[in-house]
Every structure is written in C-alpha cells, then in structure tokens.
1. Can you pull out the trypsin sites (Lys or Arg not before Pro) in segment A:101-205 that DSSP calls coil and that have at most 12 other Cβ atoms within 10 Å?
2. Classify segment A:17-276 as rounded, prolate or oblate from the Cα gyration tensor: take a ≥ b ≥ c as the square roots of its eigenvalues, call it rounded if a/c is under 1.5, otherwise prolate when a/b beats b/c and oblate if not.
3. If you take every residue apart from A:SER14 with its C-beta less than 11 Å away from the C-beta of A:SER14, what net charge results, scoring Lys and Arg +1 and Asp and Glu -1?
4. Does segment A:291-396 come out rounded, prolate or oblate, given a ≥ b ≥ c as the square roots of the eigenvalues of its C-alpha gyration tensor, rounded meaning a/c under 1.5 and, failing that, prolate meaning a/b above b/c?
5. Find the relative contact order for segment A:17-276 and round it to a whole percent, using C-alpha pairs within less than 8 Å whose residues are 6+ positions apart.
6. As a test question: what accessible area, to the nearest 10 Å², does A:ASP59 have when a 1.4 Å probe is rolled over all protein chains in place?
7. Any idea of A:GLU218's accessible area? Nearest 10 Å², probe 1.4 Å.
8. May I ask you to list the lysines whose Cα is less than 23 Å away from that of A:LYS447, ignoring any residue fewer than eight positions away on the same chain?
Amino acid sequence: MSAKRNDRGVTPLSEDVSAWYNELVLKAELADRGPAKGSMVMRPYGYTIWELLQRQLDDRFKATGHVNAYFPLLIPEEYIMREADHVEGFAPELYTVTRVGKKELEEPLIIRPTSETVIGESYSRWISSYRDLPLLINQWANVFRYELRPRLFLRTTEFLWQEGHTAHVDEDDAMAEVLTIHDVYAEFAENVAAIPMLKGEKTPGERFAGAVRTFTIEGMMRDGKALQSGTSHYMGTNFATAFDIQYQDENNEQQYAHTTSWGMSTRMIGAVILAHGDDAGLVLPPRLAPIQMVIIPIGRGEDAEAPLAKAHELAADLVAAGVRAHVDDRDQSPGFKFNDWELKGVPLRAELGPRDLEEGHTLVAHRIGELDEKGRPLKEKLPLDEVVARVPGMLDAYHELLVKRALEFRLERTALVDDWERFVEQVAIGFAEVLHCGRTACEDDIKAETAATPRAILMESDDESGPCVRCGQDSAYGKRVAYGRAY
RNA sequence: CGGGAUGUAGCGCAGCUUGGUUAGCGCACCUGCUUUGGGAGCAGGGGGUCGCCGGUUCGAAUCCGGCCAUCCCGACCA
C-alpha cells in the first residue's frame with residue numbers, strides 16, 4: 001500500500017480513516033488479530049478499558065434493580081428455530097457444532113449469537129405467577145456471529161458484551177424497562193465514554209430479529225459516520241409464545257409475559273477510538289483510561305535519582321486518591337515516551353526533571369487542549385504539593401471538554417434537510433434529519449443511491465409531518481428520522 | 001460471492017522486468033560504551049524453508065500453472 005508509515009506513528013486520520021484505525025488498534029496495543037479469520041486477542045491495555053467500562057455499566061444495571069447470572073454458550077439448534085424472525089435474522093451468522101470427537105451429534109448445537117432462546121427456556125420454568133415478575137437478569141458473556149468483513153472491535157466473529165433479558169406482566173411495564181435501559185446507555189456513553197449519543201427508535205427494517213420495537217444510541221465518529229453503540233428491544237410476547245413463558249395473573253388466568261433484551265458490546269471500545277482519536281493516536285476519556293496520568297521522570301546519571309523517587313512518591317499519592325497514575329521508568333528517551341503515551345491516549349502527562357524539582361513543580365500536559373507554536377501540548381506548571389488535590393478536578397474538566405468537543409462536532413455535521421439534493425450532500429459528511437415515508441423499499445432506494453441508512457427515529461424531537469424527502473409520500477412516525485452512513 | 005491489491009525477519013519495505021555466489025535495507029530485538037527537558041549515538045550481534053503445491057531449467061524469491069491467506073471497495077451485522 002502507498003501511505004504506510006514505518007514504526008513511528010500511524011497514518012494520519014485525515015488521510016485514511018480505515019488505515020488509521022487499523023494501525024492504531026495494533027500499535028496502541030489495544031488488540032491483536034487472532035489466528036482464525038475475524039477473531040481478536042484483546043491485549044491488557046485494551047482489556048483494561050473493557051474492565052473499566054464493564055464495572056461502570058454494571059453498577060448502573062445494579063442501581064436499576066438488575067442481577068447478573070450466566071447461561072450456557074451451547075444451545076440446542078432447535079431452540080433458535082422456534083421464533084421465525086429470529087432464525088431468519090441469525091441463520092447466516094450461526095456457528096453450529098455437529099460433531100464431538102468423531103461422533104456426529106444427534107442434535108446439533110449452535111454457539112450463541114445472543115441468548116434470548118436459552119434464557120427464554122429457563123424463564124418458562126422459573127415464571128409461574130405475576131409475583132415472579134418482573135424478572136430482571138443480565139449476563140456478561142461472549143457471543144459468536146460469523147462476519148464477512150471483520151474489523152477489530154467493530155465487527156469480530158466473537159465479541160464480549162452484556163445482554164439483559166427481562167420479563168414483565170405487560171407491555172407498559174416492559175416498555176418502561178426498555179426506555180430505562182435506553183437512557184442508561186445514553187447516560188453511560190456521555191458520562192463515561194464522553195460520547196454524546198443520538199437517541200431514538202429503529203425503523204422496522206433495522207429492528208432486531210424478533211423484536212417488536214428496537215431503540216438505539218448512535219454515536220458520530222470522526223469521519224461523520226454513525227456507530228450503533230447500544231440497543232434495547234421490546235419483544236412483545238414473541239419469545240414468550242415461542243418458549244411458553246406464561247404466568248398466572250390476579251384473576252387466575254394464564255398470560256404471556258412481555259420480554260425485553262438489551263446489549264452493549266466491545267464495539268463500544270471501537271466507538272471510543274473512532275469518536276475521539278486524532279492524528280497522534282488515541283484520545284481516551286479519563287473514566288475509561290487505564291492510565292489517567294503518566295509521570296515521566298527526567299534526568300541522567302545521579303540527576304535521575306531524585307526525580308524518579310519523587311515520581312514514585314507522587315504516583316503513590318495519586319493512586320491513594322483514586323487516580324490511575326503510572327510512572328514510566330523505562331530506559332527510553334523522554335521524547336520517545338511523550339509520543340508513546342500520546343499514541344496510547346493517556347489524558348494527562350506530568351514531566352518531572354531536576355529543574356522542576358528545584359522549583360517545586362511538575363509540568364503537566366493535556367492530551368487534548370491548547371497547543372504551542374510547534375503544535376505540541378502546552379505545559380502547565382503545577383506545584384508538587386497541589387498535584388493530588390488538583391488532578392481529579394483536571395480529569396473531570398478534561399472529560400467535559402471531550403464531551404463538548406464531540407457534541408459540537410456532531411452538531412456541526414447534523415442538519416435538518418427537506419430536499420433530496422441537500423440530503424445527498426449532508427449524508428456524505430454526517431447526519432441528515434428528515435421526514436420519511438417509512439417504507440422499507442424507499443429506505444432501500446436511499447441506501448442504494450447514497451449508502452445512508454436510517455439510524456434512528458428521533459422520538460424526543462418535535463412532532464412533525466410532511467412529504468418524504470425521497471419519494472414525496474406522506475411521512476410516517478410523526479417525527480424526523482436521522483439518516484447517515486453507518487459502520 | 002463479485003471488483004481491486006498484496007504475500008520476502010516481529011513491523012515497514014527493496015530485490016522479480018532481464019533466473020546465476022552467502023537474499024538486502026530501515027525500525028524493533030540482544031551486548032557494550034556514551035547519552036536522556038519532544039521519537040539518542042557509535043560499535044558489535046541474533047533472527048528468513050522468500051505464502052503453499054507443482055512445472056520449466058544445469059540453476060527459481062525471480063518465469064509458468066494451480067491453490068491458500070490477508071487487506072481494501074460492495075451485499076449481512078452489536
């Protein structure tokens with residue numbers, strides 16, 4: 001290929017987003033390709049991001065009344081066949097186990113692409129009365145879906161996620177659950193991942209296989225494309241019917257439960273990379289950064305001893321204050337370390353040399369923020385005795401700056417559009433909010449001509465109706481629909 | 001499954017057109033010395049069945065055929 005770099009840095013984002021992303025994931029040591037097509041090794045730096053994400057998302061599930069459990073990876077093939085739309089949607093992606101040792105299995109087992117079916121089977125046995133509802137269970141698991149065009153984090157054949165599965169007495173209760181989680185996802189994305197999301201409902205053509213309604217959060221990436229980052233589904237009684245999840249109500253009558261499911265996956269790490277990164281590499285939001293502040297001792301020979309000792313002392317104090325601090329004491333030049341940690345997206349960097357020690361401060365540089373005339377981060381003098389007190393606040397401010405930057409970027413590239421020519425221009429750079437007739441055939445025409453798909457019906461926007469931007473027929477939904485190109 | 005490209009050391013590449021000693025370069029790695037405030041220098045060193053199989057030839061990384069893999073662009077998707 002033409003624009004490949006040597007070992008220094010990555011292809012600039014502005015030059016080739018795809019090459020930039022691929023090189024960055026590898027060079028920042030987030031992940032590696034696995035031996036089987038589409039598989040991924042998550043390296044410690046990348047997995048730590050996942051652990052931080054997992055913990056903070058899990059806290060939110062617990063706070064909204066959910067508990068964790070674990071269901072099996074292998075599912076009798078017959079289960080997946082029970083819900084017609086569900087099978088149809090997943091059939092092309094299913095891995096099937098047909099043999100153990102040299103023996104053919106009497107009934108093939110599928111490797112879960114999602115767990116509605118096994119969980120549904122359990123729920124049918126666990127639920128018998130309205131007193132058993134709602135049942136609010138989540139699981140953290142791996143799932144497998146064959147992919148034609150894999151990309152690290154964004155589309156791998158095996159990925160990690162959480163899948164919540166709940167059962168309720170009626171539609172109102174189930175819908176309240178779906179919307180609660182939809183809000184949790186959006187709040188989490190903004191407050192933890194620093195990505196302000198577009199919220200809304202999927203159009204029928206984009207719904208989850210087997211769902212009655214699907215809600216999504218969509219982030220805008222640095223190239224203006226959308227990334228679906230967390231979905232919540234109302235299943236109606238589709239799975240309850242297929243798996244006989246019935247309860248007896250107050251009037252002694254049998255009723256089908258209304259179920260929901262919702263998931264967020266390791267794709268969210270892809271969203272973080274693509275929403276915040278720049279030419280120099282990753283830009284990690286502080287709440288997901290494995291290292292929030294890296295301390296780089298500077299000095300040679302005997303002059304190196306005092307800065308190194310002070311760096312460790314500072315790091316220990318920061319860790320005690322709840323900051324993920326790290327001393328880079330590798331035998332490398334300072335310049336190398338600066339570039340290396342910028343590639344890895346560490347929010348704050350503290351330099352500590354003999355001169356700084358004498359003057360009683362450290363030089364702090366932000367990964368994003370103001371630059372000097374050489375295009376490098378401005379370094380701020382921070383008195384050593386104020387570091388521990390001030391760093392947490394600096395990290396919070398940094399988070400807010402990231403959110404603001406991401407939101408401004410999205411808004412700049414989002415427009416209300418009512419004519420076709422403007423639509424074509426707008427979806428080439430970002431999102432177009434339009435009135436649409438709601439016909440899948442019309443969506444398909446739009447996709448064929450512009451590569452844009454309906455990302456979400458903007459349920460929280462004002463009521464509006466009029467002619468479809470594409471075909472002129474009466475609009476559906478009573479709301480605008482955001483269109484964009486998607487990952 | 002279509003269209004395009006690429007397979008030579010961990011990574012990035014040259015060599016192939018026009019076959020010919022021991023296959024080369026940069027980075028990374030190892031050893032030593034000197035260095036350390038924006039990707040350090042010098043010296044020495046280790047690492048390759050040239051994607052796989054077959055063919056042509058006295059001789060193949062190089063020519064021919066087949067296969068495989070990967071990447072990019074389209075159809076499926078969290």
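1. A:LYS102
2. oblate
3. Surrounding charge for A:SER14 is -4.
4. Here segment A:291-396 falls in the rounded category.
5. 20 percent
6. 90 Å²
7. Estimated to the nearest 10 Å², A:GLU218 gives 0 Å².
8. Reachable lysines: A:LYS199, A:LYS202, A:LYS225, A:LYS479.
The values are calculated or read from the model by the stated rules, or taken from the named source; none is laboratory data. Not measured: the values here are computed from a predicted model. No Cβ is skipped: glycine too gets one built from the backbone with ideal geometry, and neighbour counts run over all protein chains shown. The area values use the complete protein model at the heavy-atom level, side chains included, leaving out ligands, DNA and RNA. Shrake-Rupley method; radii C 1.70, N 1.55, O 1.52, S 1.80 Å.
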